[in-house]
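Rule-based calculations on the coordinates, nothing more; no lab input. As the structure is a computational prediction, the values presented were derived from the model and not from experiment. As a convention, Cβ positions derive from the backbone with ideal geometry for all residues, glycine included, and neighbour counts pool all protein chains shown.
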Amino acid sequence: MVDIDGVVSLFGFSGEPPVEGTFHQIDGIPHFLSATAAAHLLALAEIFELVWASGWEEKANEHLPRLLGLGAPLPFLRFPRDASNRTAHWKLDSINAYSGRRALAWIDDSFNAACHAWAEARAAPTLLVGTAPEHGLTSREAEMLQEWARELAEG
């Protein structure tokens, strides 16, 4: 599961962007898209099924595959529109429904206590990979994901 804002589209940095990338206007909103994160996603796509887990929903595929050089569109999650009465993270129900009993790695810049409790309670192997929104997906997180996949494959 791949979030976009704070993972691929960076924010919160002052001055020059901290990694390689480019600025784009997407639906009238400026975004700094990290080339570093894009390269890591391309490598991770060889060992993971990448799925957009972002409020961008289908909009992600209208822009990001072309701008990031990902090639084909990725599956994406839809989220309930009224999550105002929820105490858990607003993405959990959709992520849980999509992943079922499969192993799951989730890359996001905004985990809360409900996410960690959910991950610990899952029967399937689950890895939460937090990013700093001003740096996004870096080699540190990509290596963590690759090592986790190797460990799962080795049993």
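Summary of computed values
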quantity	calculated
Breaking point among (1) surrounded by fewer than 17 Cβ atoms within 10 Å (Cβ to Cβ); (2) assigned to a loop (DSSP other than H, G, I, E, B); (3) of a type outside the set (Val, Ile, Thr), for His89	(1)
Filter result for the condition that a residue is in contact (Cβ under 8 Å) with a residue 24 or more places away in the chain, within 16 Å of Ile47 (Cα to Cα) and not in a loop (DSSP other than H, G, I, E, B), over Ala153, Ala149, Ala114	Ala149
Residues of the stretch 20-42 classified as in contact (Cβ under 8 Å) with a residue 12 or more places away in the chain and outside any strand (DSSP E or B), total	9
Criterion (in a helix (DSSP H, G or I) and either of a type in the set (A, V, I, L, M) or in contact with a strand residue (DSSP E or B) (Cβ under 9 Å, 6 or more places away or on another chain) (or both)) met by exactly one of Ala97, Ala105, Ala132, Ala123	Ala97
Residue among Leu67, Leu77, Leu128, Leu42 that is surrounded by fewer than 19 Cβ atoms within 10 Å (Cβ to Cβ) and touching a helix residue (DSSP H, G or I) at 6+ places or on another chain (Cβ under 7 Å)	Leu128
Subset of the stretch 1-19 [assigned to a loop (DSSP other than H, G, I, E, B) and either in contact with a His (Cβ under 6 Å, 6 or more places away or on another chain) or acidic (Asp, Glu) (or both)]	Asp3, Glu16, Pro18
Of residues in the stretch 35-55 being in contact with a Ser or Thr (Cβ under 9 Å, 6 or more places away or on another chain) and not hydroxyl-bearing (Ser, Thr, Tyr), the one farthest from Ala142 (Cα to Cα)	Ala53
